[in-house]
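Below: the structure, in structure tokens.
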Amino acid sequence: MRTQVGIIGAGPAGLLLSHLLHLRGIESVVLESRTREQIESTIRAGVLEQGTMDLLTEAGVGARMKAEGALHHGFELAFEGKRRRIDLTGLTGHSITVYAQHEVIKDLVAARVAADGALRFGVSETSLHGIDTDKPSIRYRHEGEACELQCDFVIGCDGSQGVSRASIPQALRKDYERVYPFGWFGILCEGPPSSDELIYARHDRGFALISTRSPNVQRMYFQCDPKDSVENWSDDRIWAELHARVDSHDGQKIVDGKIFQKNIVGMRSFVSATMQHGRLFLAGDAAHIVPPTGAKGMNLAVADVRVLTQALDAFYVDSRADLLERYTETALKRIWRAEHFSYWMTSMMHRVEGASPFEQQLQVAELEYVTTSRSAATAMAENYVGVAGAQAS
Ligand code: DHB
């Protein structure tokens, strides 16, 4: 089988790229190791920057996001017994939408299926061949059969543990990594929102985040030991911890509800500065990971796709390879800006075991500054909505 662009991974990056290429008359095939049900139900983050909303809308998959997502014009920072608002729209002219990543996935899969797009689920034994020639191919097993997909380009959107990045010779790779000694315990619960806007709380017991999914479903997180297990946390213990970390800031109580999903994620910053090798290009988590604070992960994946789509379009329509050659350089500017922001926000908000009282006061001083200085608040807001410096281009 032959196509123009072979895409590994049906996450937001792979699906959106495939659909944007289709709209430009460029053919692709998407290969995914999991099932459609699995990718459509995996719970992830849910904050979309304006640029992400714009690209989804341009791809023709923005209708449900607009109807069901919640537009937010600010968020709150809670610390030292107070809650202070960062006015995103007032400071930057931009806002964000809270809409779950797996809903974005459902919309994209539906669009690919409606357009008769080639989408193979449940593939295994995927391997890349000839990526340093102009005839690369992907071999894989699908429904018991050994298959080969010949293509002009292979795009690796298969996450951090996928085969794509691992196919670049180690000697040519330059990776940067930082592992944080904490995790996030995430819950989904039934009930009304506890707040009109997201609350990021710094507390001596650890970080907590109040987010939302719909008028009846809420998303909340609290910092935990990354090695902890969800079995150790009864609903009562979870609510006691969330109340202790969030309510104390202004006496307004968060609303308990029936918890129907619990998970723990570790926190890591990672950048593969080698995002391309021959005819292989990496996008999204395959190339970079951010800790969740600030919700940059999916937005970065979508930003990579914007750059790649333009570069592939220039190659096929104008016979220009220069944008593809500069892909890594272009993408890395936004990636490093978001890496710094995620690291900064994580460091300011989390309890660090063994931190001295001096270091704790530095966190509070930073929070005081971003919530009282218009220029510091603007810097935070620009990064949050995704228009700071290199993010803007
Ligand atoms: C959500 C996740 C984040 O990492 C964040 O910073 C804000 C919101 C969420 O899942 O709703």
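The values are calculated or read from the model by the stated rules, or taken from the named source; none is laboratory data. From a predicted model like this one, the values you see are computed outputs, not experimental measurements. With ideal geometry, Cβ positions are generated from the backbone for all residues, glycine too; neighbour counts draw on all protein chains shown. For accessibility, only protein heavy atoms count, side chains too; no ligands or nucleic acids. Shrake-Rupley method; radii C 1.70, N 1.55, O 1.52, S 1.80 Å.
Summary table below
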| quantity | calculated |
| --- | --- |
| Candidates I39, I26, filtered to the one that is in contact (Cβ under 8 Å) with a residue 60 or more places away in the chain, buried (at least 20 other Cβ atoms within 10 Å of the Cβ), in a loop (DSSP other than H, G, I, E, B) and in contact with a helix residue (DSSP H, G or I) (Cβ under 6 Å, 6 or more places away or on another chain) | I26 |
| Test for G69: is it modelled with pLDDT under 95 and surrounded by 16 or more Cβ atoms within 10 Å (Cβ to Cβ) | no |
| In region 290-324, residue farthest from the ligand (Cβ to nearest atom) [restricted to those that are open to solvent by 20 Å² or more (accessible area, probe 1.4 Å) and assigned to a loop (DSSP other than H, G, I, E, B)] | S319 |
| Matching entry among L77, L108, L128, L91 (being touching a Leu at 6+ places or on another chain (Cβ under 9 Å) and open to solvent by 10 Å² or more (accessible area, probe 1.4 Å)) | L128 |
| Residue tally, condition part of a helix (DSSP H, G or I) and open to solvent by 30 Å² or more (accessible area, probe 1.4 Å), over region 339-377 | 17 |
| From A283, A287, A244, A208, residue being open to solvent by less than 50 Å² (accessible area, probe 1.4 Å), over 26 Å from the mean Cα position of the chain (by Cα) and touching a residue at least 12 places away in the same chain (Cβ under 8 Å) | A244 |
| Residue check for S195: within 16 Å of the ligand (Cβ to nearest atom), farther than 29 Å from L21 by Cα, part of a loop (DSSP other than H, G, I, E, B) and in contact with a helix residue (DSSP H, G or I) (Cβ under 8 Å, 6 or more places away or on another chain) | no |
| Search result, residues across region 247-263 that are under 13 Å from A208 (Cα atoms) and touching a residue at least 60 places away in the same chain (Cβ under 8 Å) | S248, H249, I254 |
| Answer residue from region 178-192, given it is more than 25 Å from W336 (Cα to Cα) and either within 13 Å of the ligand (Cβ to nearest atom) or aromatic (F, W, Y) (or both) and is surrounded by the fewest Cβ atoms within 10 Å (Cβ to Cβ) among those | L188 |
| Within region 340-365, tally of residues that are more than 14 Å from F207 (Cβ to Cβ) and of a type in the set (D, E) | 1 |
